[in-house]
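A.B. asks: There's a structure below that I have some questions on.
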Amino acid sequence: VYTTNLKSKIAEVDEEEDFLIAIGNVVVLSDSGVTLFTDTLSWDNIREKVYTDDKVIFITEEQDTLYGIGFESDVELDNWKILKPTGVFHDNE
């Protein structure tokens, strides 16, 4: 069992299609410790996918902060990818 919390200014829900669109200051926090920030997010429960074409900030379990444009993931935020990564990564090891 997993828990993923989503907050946004507006949410449009299509109960028939089991689909949600979150709009405005979207924040997704999973119980695994990852956090996603974006402007819009589509949440498809039937396909068990979340995605956006907008800019994203993604904080990993290791507290690395990743930036990019476009994001796809399963609803648990376990298997994710940033479609167009931007920024710099520093390896502190």
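The values are calculated or read from the model by the stated rules, or taken from the named source; none is laboratory data. Small disclaimer: the values here were computed from a predicted structure and weren't measured. Reconstructed Cβ throughout: ideal geometry from the backbone, glycine too, with neighbour counts over all protein chains shown.
A.B. asks: Looking only at the range 10-43, how many residues end up being acidic (D, E) and either within 18 Å of T60 (Cβ to Cβ) or assigned to a strand (DSSP E or B) (or both)? Don't jump to the end; show me each part of the working.
C.D. replies: To start, the set of residues in the range 10-43 that are acidic (D, E) comprises 12, 14-18, 31, 39.
Of the ones still in play, those that are also either within 18 Å of T60 (Cβ to Cβ) or assigned to a strand (DSSP E or B) (or both) are 12, 14, 31, 39.
Total meeting the criteria: 4.
A.B. asks: In the range 66-83, which residues are among the charged types (D, E, K, R) and within 17 Å of S42 (Cβ to Cβ)? Steps first, please.
C.D. replies: In the first step, residues of the range 66-83 are kept if they are among the charged types (D, E, K, R); the result is 72, 74, 76, 78, 81.
Of everything in the range 66-83, those that are among the charged types (D, E, K, R) and within 17 Å of S42 (Cβ to Cβ) turn out to be E72, D74, E76, K81.
This table checks each residue for (1) buried (at least 16 other Cβ atoms within 10 Å of the Cβ); (2) at pLDDT 95 or above; (3) polar (S, T, N, Q).
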{"site": "K9", "(1), (2), (3)": "no, yes, no"}
{"site": "E12", "(1), (2), (3)": "no, yes, no"}
{"site": "E15", "(1), (2), (3)": "no, no, no"}
{"site": "V27", "(1), (2), (3)": "no, yes, no"}
{"site": "G33", "(1), (2), (3)": "no, no, no"}
{"site": "E48", "(1), (2), (3)": "no, no, no"}
{"site": "T65", "(1), (2), (3)": "no, no, yes"}
{"site": "I82", "(1), (2), (3)": "yes, yes, no"}
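A.B. asks: Considering only residues that are within 14 Å of K49 (Cα to Cα) and not hydrophobic (A, V, I, L, M, F, W, C), which ones fall in the range 1-24?
C.D. replies: Within the range 1-24, T4, E17, D18 qualify.
A.B. asks: Within the range 35-78, work out how many residues are in contact (Cβ under 8 Å) with a residue 24 or more places away in the chain and over 22 Å from I10 (Cα atoms).
C.D. replies: Matching residues across the range 35-78 total 5.
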